Each structure stands twice: as structure tokens, then as C-alpha cells.
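Novice: Dumping the structure here so I can ask a few things about it.
The values are calculated or read from the model by the stated rules, or taken from the named source; none is laboratory data. As the structure is a prediction and not an experimental result, all values here were calculated from the model. Every residue, glycine as well, gets a Cβ built from its backbone with ideal geometry; the counts of neighbours run over all protein chains shown.
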Amino acid sequence: MTQVGEVVTAAELQRNVEEAAQRTPVIDIHTHLFPPSFGGLCLWGIDELVNYHYLVAELFRSSPESPQQFWALTKSQQADLIWDALFVKNTPLSEATAGVVAVMIKLGLDPCQPDLKQAREYFASLTVEQHIDHVLGLANVSELVMTSDPFNPVERAMWERNEPCPERFHRALRMDPVLNDWETAHAVTAAAGFKTSADLTPQTVSEARRFLDLWIARTRPLYLGVSLPFTFTYPDDSPRTRLIREVVLPTCLQYGIPFALMIGVSRGVNPALGEGGNSLGYADTASVERICVENPGVRFLVTMLSRENQHALCVAARKFSNLMPFGCWWFLNNPSIVEEITAERLELLGATVIPQYSDARILDQLIYKWAHSRRTISRALYESYSRLIADGYPLARKQIDRDVARMFSGNFRRWVGLPETGAR
């Protein structure tokens with residue numbers, strides 16, 4: 001048995017895997033981040049970080065304040081309340097609170113302060129442009145993908161004004177209103193001059209396609225994406241199935257771009273918590289198989305929100321080469337679960353997956369989300385390589401580097417047609 005390159009011993013393995021995961025740049029394929037040119041949509045700083053909706057939901061487990069009292073406060077007052085309840089009076093053990101601690105330490109701030117004065121002074125001394133470069137460097141994120149929603153009036157205005165977007169900020173075009181709320185979506189398209197109606201007439205379908213043509217030309221997305229409820233079924237006799245079949249998938253074929261399905265949401269189970277009031281449900285993985293077999297010419301990115309869906313999704317990906325599992329979404333983005341899911345994917349699919357994305361809404365979250373993800377992905381990779389070495393396989397250092405690079409950027413580049421790094 002021969003192997004080209006330096007062979008890694010069992011004693012060296014953990015260090016080699018961890019070093020590869022730390023030094024390899026990543027493309028963050030799904031975020032809700034915006035560049036500074038998008039004004040108030042570009043969220044950063046301690047008040048935004050502490051007011052993240054995961055922490056808002058967690059607050060009410062440790063504080064007597066009601067949601068109604070909380071929402072009546074200013075953002076700074078809300079952040080002060082969360083800080084006192086979750087960081088001063090409690091140990092920050094949850095992933096959401098530990099993430100804030102990790103960000104602060106990486107930025108040289110003290111997470112044991114009794115208030116946010118030091119952190120606020122630090123962020124007040126920065127420009128957002130400086131901070132973006134610093135954060136992307138700390139997170140080792142080379143490029144990221146924004147979520148662009150043409151049905152959000154604030155976002156739409158930015159794109160219509162042709163606000164500048166840095167090269168490393170790619171775009172994905174969000175289809176949620178089209179597929180989940182056509183009544184609202186058609187009103188927006190009609191107001192923009194497209195001849196659409198609530199009924200899916202041939203003219204409406206054609207005009208909806210034309211609307212997507214306009215926004216693809218405007219945003220140049222790497223993929224179309226949608227967040228779907230756990231009750232999603234394909235095919236069925238709903239308007240959603242017709243819109244997928246007659247509008248979205250033909251558009252993907254025409255432009256050669258993938259369709260990302262994010263399945264498993266249960267929205268508004270506790271409306272008083274706002275964005276923090278969403279939950280999850282077990283979804284029908286067979287619908288993913290049916291859409292893949294019906295559309296072999298379309299590439300699909302699929303992430304599912306329920307832990308119980310992960311094994312079936314991996315098995316489906318073994319059967320369909322046009323299916324790419326990606327990331328650990330929302331409530332799955334906890335180290336123990338990320339490690340479990342990554343290990344399962346490696347065992348069933350090898351390095352042909354996209355293990356994680358940040359889903360960051362606040363710029364600073366990139367720091368902890370990728371620090372934590374790199375650690376957990378490293379542990380899963382280490383276990384897979386350990387079994388190979390135990391069986392006598394001569395694992396080379398360059399194989400580790402190759403596998404990590406594929407999972408952190410190469411698989412996505414190939415899936416969406418981005419040139420390899422350094423390619424012309």
C-alpha cells in the first residue's frame with residue numbers, strides 16, 4: 001500500500017485536523033448580513049448582539065419581566081436587562097450566551113463586567129467598515145452569501161437604488177412570500193407593474209417568471225431559497241406546488257442556479273416573543289426525494305430543522321446526486337448536535353457535504369459561530385480519520401487539507417458554479 005505525501009500518525013492526527021480546520025477559509029453560504037451601504041440593515045455591535053432573538057427568548061426563563069414590558073423598552077434598555085439576567089445573575093452556559101462571551105473575549109472585552117459600558121465604548125470607537133474587515137478576519141470567512149428578499153420593502157429599496165455590494169458579499173434570492181403567501185407576493189408584484197393576480201392563471205405564472213428574471217438580473221444570486229413549514233408536502237394540489245413547478249424550478253433551469261429548501265419551521269408558536277417565538281416540527285423527507293427525482297436537471301441545497309430528519313436526509317442524498325445537504329439550522333446549531341450530524345454525514349456521504357453555515361443576523365456572530373463550528377467539525381473528522389488509521393490506512397496530511405477545503409468552500413463553489421480560488 002502506497003500513499004503520496006506525508007503520512008499522519010495517530011498521535012499527530014488531532015492536532016493536524018484542528019490546524020486544518022482553523023487555517024482553512026470558509027464560504028458562509030447562508031447569512032442575513034448586509035454591507036454598510038445597506039444602512040440600518042447592517043447590524044453590528046453589542047446592543048444588537050445581546051438583543052438577538054435567541055437571547056430574548058431565553059431572558060423570560062430568568063426574569064420576571066413580561067414580553068409586553070420588554071418590548072416597551074428601548075434597544076439599549078433591553079440589552080441591559082438581558083445582560084443582567086443572563087450574564088450577571090446567571091452563568092452563560094447556553095450556546096447563545098456562550099457565543100456572546102466568545103465574541104467579547106476575541107475582541108478583547110471583559111464578559112464579566114457588571115454592565116455593557118466597556119463594550120459600548122469599544123464599538124463606539126469603530127467604523128463599521130473597519131469592523132467588517134476585522135470580524136471576517138477573526139472568523140476566517142473569505143466570502144459570505146446574503147439573503148436578499150425583494151418582498152421586504154426596505155431591502156427592495158436598497159436594490160432598486162443599486163446600492164454597492166462588495167465582491168465578497170454574494171446574494172441568494174429569497175422565495176418565501178412567493179411560495180408561502182402568494183396573496184401578499186402577488187400584491188407586491190402587481191404594485192411593481194407585473195400583471196399578476198391571486199389566481200394562478202397562465203398570465204400570472206408568466207408574469208411571476210418575469211418578476212424573477214428582473215430580480216435575478218438585479219441581484220445576481222447564487223441560488224434561490226425558501227424556508228418552508230414542517231407540513232411541506234410535494235407534490236400536492238396547493239398553489240405552492242404549482243409555483244414551484246411552473247415558476248421557481250423552470251427559472252432555476254433557465255439560469256443554471258440551485259434551489260435551496262430549508263424545511264421544518266413552525267412559525268409563531270408563541271407570538272409574544274416575536275422572532276424568538278418560532279419552533280420546529282418533523283417534516284416529510286420523502287417530499288425531498290420526490291422533488292429530486294422529478295427534477296434531475298436542478299441542483300438542490302437542503303437543510304432540515306428537526307434532528308429526527310437528519311438520517312433520512314443523508315440517505316436521500318446517497319440516492320440523488322442533485323441533492324446537497326447543508327448546515328445545521330437554528331435549534332440544531334448546538335455543538336453536541338452539530339458534531340452528531342456531521343459524523344452521520346461523514347459516515348454516509350464522506351466529504352461531499354456542506355457541514356455548516358452561520359445564519360448570522362449580526363456581523364459579530366460570525367466570530368463565535370465559526371469558532372464553535374470549526375471545533376465541532378474537527379471532532380467529527382478526527383473520529384472518522386481515527387477509524388481509518390486504526391484499520392491501517394496511511395492517511396496523508398494533504399488529504400486532511402483537501403477534505404476540509406472541500407467541505408468549507410469547494411463543494412459549494414462547485415454546486416453554484418463559482419470559480420475555484422485563484423481561478424480566472
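Novice: If I ask for residues that are of a type in the set (D, E, K, R) and surrounded by 22 or more Cβ atoms within 10 Å (Cβ to Cβ), which ones from the stretch 15-41 would you list?
Specialist: Within the stretch 15-41, Asp28 is the sole residue that qualifies.
Novice: Next up: Which condition number does Ala102 fail, the rest of (1) of a type outside the set (Lys, Arg); (2) outside the structural domain of Glu275 (by TED's automatic domain parsing); (3) free of Cβ contacts under 8 Å to residues at least 40 places away in the same chain being met?
Specialist: (3)
Novice: Okay, next question. For the stretch 182-190, check the following and say yes or no: at least one residue is more than 23 Å from Met158 (Cβ to Cβ) and within 23 Å of the chain's Cα centre (by Cα).
Specialist: Looking for residues that are more than 23 Å from Met158 (Cβ to Cβ) and within 23 Å of the chain's Cα centre (by Cα), one finds none in the stretch 182-190, hence no.
Novice: Also, quick follow-up: What pairs can you find where one residue is in the stretch 173-200 and over 18 Å from Ala217 (Cα atoms), the other is hydroxyl-bearing (Ser, Thr, Tyr) and in a loop (DSSP other than H, G, I, E, B), and their Cβ atoms are less than 8 Å apart, with a gap of 6+ or different chains?
Specialist: His186/Thr196; His186/Ser197; Ala190/Thr196; Ala190/Ser197
For (1) part of a helix (DSSP H, G or I); (2) of a type in the set (Asp, Glu); (3) within 27 Å of Thr303 (Cα to Cα), each residue gets a yes or a no:
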{"residue": "Pro164", "(1), (2), (3)": "no, no, no"}
{"residue": "Leu179", "(1), (2), (3)": "yes, no, yes"}
{"residue": "Thr184", "(1), (2), (3)": "yes, no, yes"}
{"residue": "Ala208", "(1), (2), (3)": "yes, no, yes"}
{"residue": "Ile216", "(1), (2), (3)": "yes, no, yes"}
{"residue": "Leu228", "(1), (2), (3)": "no, no, yes"}
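Novice: Also, I was wondering about something else. What residue, of Leu93, Leu49, Leu33, Leu73, is in a loop (DSSP other than H, G, I, E, B) and either touching a residue at least 60 places away in the same chain (Cβ under 8 Å) or in the same structural domain as Ala405 (by TED's automatic domain parsing) (or both)?
Specialist: From the options Leu93, Leu49, Leu33, Leu73, the qualifying one is Leu33.
Novice: When the stretch 192-226 is examined, which residues are found to be closer than 11 Å to Phe151 by Cβ and surrounded by fewer than 17 Cβ atoms within 10 Å (Cβ to Cβ)?
Specialist: Matches in the stretch 192-226: Ala192 only.
Novice: Out of all the residues in the stretch 89-114, which are out of contact with any helix residue (DSSP H, G or I) (no Cβ under 9 Å at 6 or more places or on another chain) and over 20 Å from Asn333 (Cα atoms)?
Specialist: Lys89, Ile105 - these are the residues of the stretch 89-114 that are out of contact with any helix residue (DSSP H, G or I) (no Cβ under 9 Å at 6 or more places or on another chain) and over 20 Å from Asn333 (Cα atoms).
Novice: When Ser142 is evaluated against the numbered criteria (1) under 28 Å from Asp84 (Cβ atoms); (2) in a strand (DSSP E or B), which criterion, by number, is the only one it fails?
Specialist: (1)
Novice: If you don't mind, another one. What pairs come up if the first residue lies in the stretch 255-282 and is on the phi > 0 side of the Ramachandran plot and in contact (Cβ under 8 Å) with a residue 24 or more places away in the chain, the second is aromatic (Phe, Trp, Tyr) and assigned to a loop (DSSP other than H, G, I, E, B), and their beta carbons are under 9 Å apart, counting only those six or more places apart or on different chains?
Specialist: Going by the 9 Å Cβ cut-off, the qualifying pairs are Gly264/Phe230; Gly264/Phe232; Gly264/Tyr282; Gly264/Trp329.
Novice: In the list Val404, Val353, which residue meets the criterion of being within 21 Å of Met262 (Cα to Cα) and hydrophobic (A, V, I, L, M, F, W, C)?
Specialist: Unique residue meeting the criteria: Val353.
Residues checked against (1) farther than 20 Å from Gln365 by Cβ; (2) of a type in the set (Ser, Thr, Tyr); (3) surrounded by fewer than 17 Cβ atoms within 10 Å (Cβ to Cβ):
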site	(1), (2), (3)
Leu43	no, no, no
Glu48	no, no, no
Tyr52	no, yes, no
Ser63	yes, yes, no
Lys75	no, no, yes
Val88	yes, no, yes
Gly99	no, no, no
Ile105	no, no, yes
Leu116	no, no, no
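Novice: Also: State whether the residues of the stretch 280-303 include one that is at pLDDT 95 or above, farther than 28 Å from Val135 by Cβ and within 16 Å of the chain's Cα centre (by Cα).
Specialist: Yes; the residues of the stretch 280-303 include at least one that is at pLDDT 95 or above, farther than 28 Å from Val135 by Cβ and within 16 Å of the chain's Cα centre (by Cα).
Residue-wise test of (1) in contact with a His (Cβ under 8 Å, 6 or more places away or on another chain); (2) over 22 Å from Arg413 (Cβ atoms); (3) small (Gly, Ala, Ser).
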| site | (1), (2), (3) |
| --- | --- |
| Gly108 | no, yes, yes |
| Gln113 | no, yes, no |
| Leu116 | no, yes, no |
| Leu136 | no, no, no |
| Ser142 | no, no, yes |
